[in-house]
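Everything on this sheet refers to the single structure shown next.
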Amino acid sequence: MRGVVEPRGDNKWRVRVFAGREGGKVRWVSRTVKGTKRQAQVALAKLVTEVEAGQATTSHRASVAEQLDRWLAEIEPTRSAWGQGAPSLHRARYQAGTRGGAPRQTNGSAA
């Protein structure tokens, strides 16, 4: 597996590892390391190991909905501690576009 160490400033390094191709695009996994070049090389070796084991993922811009889904999956085990319906209620409000209640009236009249 290939990887590179690139200088980013005073004692800052970017380590990048080739993670293959996905949909015709080249994918890299990168991390920023603060410290000496030797520390960056050690971090690169660890990152190569993570990529080969499938533990490191390529970073991509996730939509708000994707981030919300990840968060909800992450907190699923703790739902009972603060209420069974709360995450699904938030998801329903987000998907409905209201984000916290009924849409606001703009003409000044109360509904």
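Every number here is computed from the coordinates shown, using simple stated rules; none is lab data. Because the structure is a prediction, the values reported are computed rather than measured. Every residue, glycine as well, gets a Cβ built from its backbone with ideal geometry; the counts of neighbours run over all protein chains shown.
Some points to look at:
- Sequence-distant residues sharing a close amide H with Ala19 (under 5 Å, placed H): Arg27, Trp28, Val29
- Segments 29-39, 43-53 sorted - mean Cβ within 10 Å per residue, highest first: 43-53, 29-39
- Overall Cα dimensions of region 3-53, principal axis frame, Å, largest first: 36, 21, 11
- Charge dipole of region 3-53 about the Cα centre (unit charges at C-beta), most positive-ward option of Thr36, Ala19, Val51: Thr36
- Built amide H within the under 5 Å cut-off of Ala56, gap 5+: Val51
- Cβ-based exposure ranking for Val5, Val26, Val17, in which fewest neighbours within 10 Å come first: Val26, Val5, Val17
- Residues Trp71, Trp13, sorted so that the one with the fewest Cβ neighbours within 10 Å comes first: Trp71, Trp13
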